[in-house]
Amino acid sequence: MIDVPHAPPGSRTSAGDLTAHGVSIGYDGRPVIEGLDLTLPQGRVTAVVGPNACGKSTLLRGLARLHPLIAGRVTLGDRDVTNLPRKELARLVGVLPQSSVAPDGVRVAELVGRGRYPHQGWFGRHSSDDDVVVMRSLEATGVADLADRPVAELSGGQRQRVWVAMVLAQETDVVLLDEPTTFLDVTHQVELLDLLHDLNRERGTTVVMVLHELNLAARYADHLVVMCAGRVVAEGAPSDVIDEATVLEAFGLDAKVVPDPVSGTPMIVPVGRHRRADGTLAPDGSAEPRE
Amino acid sequence: MSSPATVASLRTLRHRRLALVLGSLAALVVVLAALGLTLGAASLTPGRALLAVVGVGDAGDLFVVHRLRLPRVAAALLAGAAFGLAGALFQSTLRNPLASPDILGIASGASLGAVTVLLGLGLTGAAVSAGAFVGAATIAVLIWFFAWRQGLHSIRFVLVGVGFAYLASSLLAWMLASADQRDAATALVWTVGSVADVRGPALTVLGVGLVVLAAAVAALARWQGPLALGDDHARGLGVATDAARVTTLLVAVALVALATATVGPLAFVALVAPAIARRLVDDGGPALSVSVATGATLVLAADIVAQHGLLGVSAPTGIVTGLVGAPYLLWLLATHERRSRA
């Protein structure tokens, strides 16, 4: 626990780091990621960022076994989970995929209750323990008041919280989220990331999320992984990782990096060709940062 | 107010609704069964008919009820239950209300198999049932083979299935057209479906088969909750999705084959019964048990209508279910578009 500075005493982080060893993942036999080694630290919030089609979602899907590995293995602590029975894996690693559609008519508490599946026996009876976990998950995500509402009636932000609650009800030490903020407006994005931060700090849950929004990733991640073309370009604390050279390398984006006025974490400000405060425009269209 | 009790009370409400729905359908079945036993050329009062069921009454009453009417009512109930359950499994496992065995050609495959044995090999009885099973399973495997691309995709499965439905129907029509007329009349039952002539052994096979397969479904039903959330969620929750789909659909194919082998295809029951059931339960689940009940109710009602010409038509059961089912299919096609974005 010493290496988990933020986790409060008594939190139940026990699984260990989630590690990819020489992992290759691809579609139709064409690898998107080849021989990747990566360690996602236990009890921390890790954000994986990178340009479109860099393989960040593919990596997450491979780690969660939503997509088969071509080569390599995945370990959680000292346990090899590459060939673990799915149900057993589902008690260790929870995953929120990119798109989630709730069946018609299902109510919030029922949907969250489906997160208890990996803990239930062959006939899937709900025990009173399950009810306690479901309610706790609803409360942790701030949707307890909606417990008996149909999921279809909720707003996008509420619905995403309900899906997070379902993953929480799995009671896993690791939670993987694939672009959890994609369909949310900025208010709900921040709300959801605050929620994930709380979960990490209060429960010691290892959170790994693929994020699109670089500045939010830099603010909320303890550990940032920057990917480009299936490779890890840089990883570490956001303040160590994010600089103008890395942003240019990974995203091909000319940008200024300044301290975030709220959090002090690095904030990326794209340069672009137009709308500069001093009115200059690079004649060849390439950006020309002024001193 | 927000406590684990909220979660439990929601479940209690669901159980109550389920009990209410099943109870109402059971009452409806009893009324329809009484009608089915009472109506007919030999007029019986409901009282005498019910007494005859338990073996009380004169020889004529007993003959009419035990030999003629009871088997017909039982066949309608059992076949309807099988089609309803099979349809519910297909639709929820493939997450598509159109993915019913009649649309997919599984039912046509069963008919084709039965008719092949009947006309082609000149066999009757159990061989015909076996033929239906082989036919349904063959079509299922073929759809599988053509629809499988690194996993089972619902839309492709349905489209390939529709193709095979046409193929099977065409082959069937060809076989009937080239058969001599008397045989073709017998074979018509296999193409349209009727519960009129199901007797002792066939009924026993249907009943026992249904119980065995329903027990299998009960054991596999736990996959339905996660599967309904989509493949990624289902895998994340610990379900081996491809294996779960294959196993569930195999049982569903067996149900279709069993029922088709006994009473013929009975169009649209497998499509409509689960839809009604889901509407009645409305919990986002597959409504398996209620589909059994709606299927049984539908077929029994359709057969009473068909047998006694209540709508001005006296026709095989399958014609009436088709008349009810076709408009529903059109409505589904018209409204499905906006809901199938996922």
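The values are calculated or read from the model by the stated rules, or taken from the named source; none is laboratory data. Here the structure is a predicted model, which is why all the values come from computation and not from measurement. Cβ atoms come from the backbone with ideal geometry, glycine included; neighbour counts cover every protein chain shown.
For (1) more than 14 Å from chain A (Cβ to nearest Cβ); (2) assigned to a helix (DSSP H, G or I), each residue gets a yes or a no:
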residue	(1), (2)
B:Leu172	yes, yes
B:Leu213	yes, yes
B:Leu229	no, no
B:Asp232	no, yes
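For a quick check of your reading: which helices (runs of 4 or more DSSP H) sit entirely within region B:1-106 and have at least 2 residues that are among the charged types (D, E, K, R)? It comes to B:4-38.
Would you mind stating whether B:Val158 is touching a residue at least 60 places away in the same chain (Cβ under 8 Å) and either β-branched (Val, Ile, Thr) or not in a helix (DSSP H, G or I) (or both)?
Values: touching a residue at least 60 places away in the same chain (Cβ under 8 Å): yes; either β-branched (Val, Ile, Thr) or not in a helix (DSSP H, G or I) (or both): yes.
So B:Val158 fits the description; yes.
Across region A:83-138, the qualifying residues are those that are in a strand (DSSP E or B) and facing chain B (nearest Cβ under 7 Å), and the one among them that is modelled with the lowest pLDDT is A:Arg107.
In region B:281-323, the qualifying residues are those that are outside any helix (DSSP H, G or I) and charged (D, E, K, R), and the one that is nearest to B:Leu35 (Cα to Cα) is B:Asp282. Evaluate the following for A:Arg61: is it crowded, with 21+ Cβ neighbours inside 10 Å, more than 7 Å from chain B (Cβ to nearest Cβ), among the charged types (D, E, K, R) and not in a loop (DSSP other than H, G, I, E, B)? Yes: the conditions hold for A:Arg61. Can we say B:Leu255 is at pLDDT 90 or above and within 13 Å of chain A (Cβ to nearest Cβ)? It is false that B:Leu255 is at pLDDT 90 or above and within 13 Å of chain A (Cβ to nearest Cβ).
Identify, from the list B:Ala34, B:Ala49, the residue that is free of Cβ contacts under 8 Å to residues at least 24 places away in the same chain, surrounded by fewer than 19 Cβ atoms within 10 Å (Cβ to Cβ) and under 21 Å from B:Val299 (Cα atoms).
Every option except B:Ala34 fails the conditions.
Just to be sure, is A:Arg30 within 14 Å of chain B (Cβ to nearest Cβ), under 19 Å from A:Val232 (Cα atoms) and touching a His at 6+ places or on another chain (Cβ under 6 Å)? When the stated conditions are applied, A:Arg30 does not pass them. Residue-level check: of (1) in contact with a helix residue (DSSP H, G or I) (Cβ under 8 Å, 6 or more places away or on another chain); (2) within 25 Å of A:Arg159 (Cα to Cα); (3) free of Cβ contacts under 8 Å to residues at least 24 places away in the same chain, A:Arg86 misses just (2).
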